[in-house]
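**Student:** One structure, as structure tokens, below. Some questions next.
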Amino acid sequence: MEIRTQKIKEDLYYLGVNDRQTERFENMWPLPNGVAYNAYLFTGEKTCLMDTVKGLKEDVFMAQVQNILGDRQLDYLVIHHMEPDHSGCIRSVMEKYPKVMLVGNKKVRQMLYDFLGMETEQFIEVNENDELDLGDRKLKFFMTPMVHWPESQVSYEVNEKILFSQDIFGGYGTADGTIFDDEINYAERRTEYRRYYTNIVGKYSQMAKRALDKLGKLDIETICPVHGYIWRKNPGKIIADYTKWANYEVERGVMICYASMYGNTEQMAEELAVLLAQEGVQNIEIRDVCKTHPSYLISDVWEKKGLALVSCSYNNAALPMMKTLMHLLTIQKLENHVLGLVGTYGWSGGAMKELKEFADANKFDVCETKVETKGCMKAEDYELLKKLAKEMAEKI
Ligand code: FEO
């Protein structure tokens, strides 16, 4: 296969593939703009491949490796993370380069067996601060457990201060010709980076904070993640955003997520937004949880201080899409938010009970005023909604 080569340094190549076929990352999270799986290849005194890609693009990936290595053998394959979007071509690499030494931590070795049924003596086990000598380059390893999986680790090339960060500092979206941060408009893509962080890493934010503290001590000039762009011009930008997201740093504003069957509950969401605005709140957004995938809702909620959940009842419970959102927000361990609750019902309640259970199960600053309405909104409900808007506005 005739195929491009893309250089990062004289002896370091980018081997990326774009996936525009997969509908949902992890079969969960929508990929309207696709996703890139990145790997890298050192070609100095020793040849060293940094991760592989999803098996879906094995032919393209292997052609890139072959094109760059030519007649050279592959000495090492460093495995930073075993999720199949990066480990999908390990077997093919070993078949093509049977003398290659795999490099990873103890959990990587276990997962090679667990996920690929692979047992091999060609494995160099590394621990925290261990180094791998590539002759003219040196890699140093740091463990980043649970960012994203238990075995996740990063490596740091000490001569040119290059961090191979696996999932950390990644984002959704394909790499369309360009591969560097200075070749894109990050401001346009930031929400897709945030959606990736909140969907994939958000649940592990405590561990992400630890990892970021650890990596913060390194002098980093270039970041090579396994998704998204290579940060060679301004790595501080993505480090700052990841640090913000991991620390649940929020800005003023309210996200109103509603579930409504025939419009009465939607109208309460609308009125709440107006009342919040009249209280001086800016950056208010309303989303229909039945139309917007929770992937986007989780991301949009993450950086806003206020969250209002407004749900009708369905079979004595919150509408299933609202339940899904609450379930996912609980899993993602969202915190540092002001929460306002509005529930409606037709005859025997349901939604408010589950909204309250959600509030109790999470670390939110919950507004005392709760609005529960039978049928459409009446004057007394409107007064309560006003009270809730005032309380939310004061808290944020
Ligand atoms: Fe991109 Fe956790 O895999």
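**Student:** Order by neighbour count: F141, F115, fewest other Cβ atoms within 10 Å first, most last.
**Tutor:** In order of increasing Cβ crowding within 10 Å: F115, F141.
**Student:** Expressed as a fraction of 2.2 N^0.38 Å, the rule-of-thumb size for a compact globular protein of N residues, what is the C-alpha radius of gyration of the chain?
**Tutor:** Here the Cα radius of gyration is 1.13 times the empirical estimate.
**Student:** Taking neighbour Cβ counts within 10 Å as the exposure measure, how do T369, T178 sort from fewest upward?
**Tutor:** Sorted ascending by nearby Cβ count, the order is T178, T369.
**Student:** Under 1.5 on a/c is rounded, so check that first for region 256-396, then, if it is not, pick prolate when a/b is larger than b/c and oblate when it is not; a ≥ b ≥ c are the square roots of the alpha carbon gyration tensor eigenvalues.
**Tutor:** Judged from the Cα gyration tensor, region 256-396 comes out rounded (a/c under 1.5).
**Student:** Taking the highest mean first, how do the peptides 186-195, 373-382 order by number of other beta carbon atoms within 10 angstrom per residue?
**Tutor:** Ranked from most to least packed, the peptides come out as 186-195, 373-382.
**Student:** So for region 279-354, averaging the separation of alpha carbon pairs under 8 Å that are six or more residues apart and normalising by length, what relative contact order in percent results?
**Tutor:** With pairs under 8 Å counted, the relative contact order is 37 percent.
**Student:** In addition: Estimate the FRET efficiency between I3 and K209 by the formula 1/(1 + (r/R0)^6), using the beta-carbon distance for r and 35 Å for R0, to the nearest 0.05.
**Tutor:** In this case the efficiency is close to 0.35.
**Student:** If you don't mind, another one. Once you put a point 7 Å from the Cα of R190 and another 7 Å from the Cα of V274, both along the Cβ direction, what distance in nm separates them?
**Tutor:** That separation, rounded to one decimal, is 3.2 nm.
**Student:** Sticking with this structure for a sec: Of the peptides 51-58, 27-34, how do they stack up when ordered by the mean number of other Cβ atoms within 10 Å, highest first?
**Tutor:** So the peptides 51-58, 27-34, ranked by packing, come out 51-58, 27-34.
**Student:** Counting Lys and Arg as +1 and Asp and Glu as -1, each charge on the Cβ, what is the dipole of region 60-123 about the Cα centre in debye, to the nearest 20?
**Tutor:** 100 debye
**Student:** Based on alpha-carbon centroids, what's the gap between region 79-153 and region 158-231 in Å, whole number please?
**Tutor:** 20 Å
**Student:** Moving on. Spelling out what I want: for every residue of region 255-260, take phi, set θ = phi - 60°, compute 6.51 cos²θ - 1.76 cosθ + 1.60 (Karplus), and round to whole Hz; glycine and proline get x.
**Tutor:** My calculation for region 255-260 gives 9, 9, 10, 10, 10, 9 Hz in order.
**Student:** Beyond 26 Å between alpha-carbons counts as too far, so tell me which of K46/K161; K99/K140; K7/K161; K107/K140; K209/K353 fall in that bin.
**Tutor:** The pairs that break the limit, which is 26 Å between Cα atoms, are K209/K353.
**Student:** Want the number for K138 to T324: 0.36 nm per residue separation, take away the alpha-carbon distance, what's left?
**Tutor:** Contour length minus the Cα-Cα distance gives 62.3 nm.
**Student:** Considering amide H positions built from the backbone, and no H for Pro or chain starts, which residues 5 or more places from Q6, or on another chain, come under 5 Å of its amide H?
**Tutor:** Y14
**Student:** So, one more: Among H327, S313, L77, which residue has its Cα positioned farthest towards the positive end of the charge dipole of the chain, with +1 placed on the Cβ of Lys and Arg, -1 on the Cβ of Asp and Glu, and the dipole taken about the Cα centre?
**Tutor:** Towards the positive end, the residue furthest out is S313.
**Student:** If each residue of separation counts as 0.36 nm, what is the full-extension length gain between V60 and N316 once their alpha-carbon separation is subtracted?
**Tutor:** Going from the current span to full extension adds 86.9 nm.
**Student:** Loop only per DSSP, at most 14 neighbouring Cβ atoms within 10 Å: give me the trypsin sites (Lys or Arg not before Pro) in region 1-41, ordered by residue number.
**Tutor:** The qualifying sites are R4, R20.
**Student:** Multiply the residue gap between E285 and K390 by 0.36 nm, knock off their C-alpha separation, and tell me the result in nm, one decimal place.
**Tutor:** Net length gain for the segment: 36.1 nm.
**Student:** How big is the gap, in Å, between the Cα center of region 328-354 and the Cα center of region 372-396?
**Tutor:** Between the Cα centre of region 328-354 and that of region 372-396, the gap is 15 Å.
**Student:** Test of understanding: in a Gaussian network model of the chain with alpha carbons linked when under 10 Å, which of K323, K140, K291 would top the mean-square fluctuation ranking?
**Tutor:** Result: K291 has the largest fluctuation of those listed.
**Student:** Treat the count of other C-beta atoms within 10 Å as a stand-in for reagent exposure and order M118, M82, M50 from fewest to most.
**Tutor:** Placing the least packed residue first, the sequence is M118, M82, M50.
**Student:** Related question: Quick query: amide H of K138 versus all other amide H atoms, modeled in the peptide plane; which residues come in under 5 Å with a sequence gap of 5 or more or a different chain?
**Tutor:** V158, N159
**Student:** Treating the angle as unsigned and between 0 and 90°, give the value, to the nearest 10°, between the Cα long axis of helix 235-246 and the longest Cα principal axis of the chain.
**Tutor:** Orientation of helix 235-246: about 40 degrees from the principal axis.
**Student:** Counting other Cβ atoms within 10 Å of each Cβ, which chymotrypsin sites (Phe, Trp or Tyr not before Pro) in region 286-363 have at most 10 and sit in a DSSP loop?
**Tutor:** Here the chymotrypsin sites (Phe, Trp or Tyr not before Pro) that fit, given the DSSP loop and packing criteria, are W347.
**Student:** Among bridges DSSP assigns within the chain, what percent are antiparallel (round to 5)?
**Tutor:** Around 40 percent antiparallel, to the nearest 5.
Every number in this text was worked out from the coordinates using simple rules, so none of it is lab data. In this text the structure is predicted, and so the values were computed from the model without any measurement. As a convention, Cβ positions derive from the backbone with ideal geometry for all residues, glycine included, and neighbour counts pool all protein chains shown.
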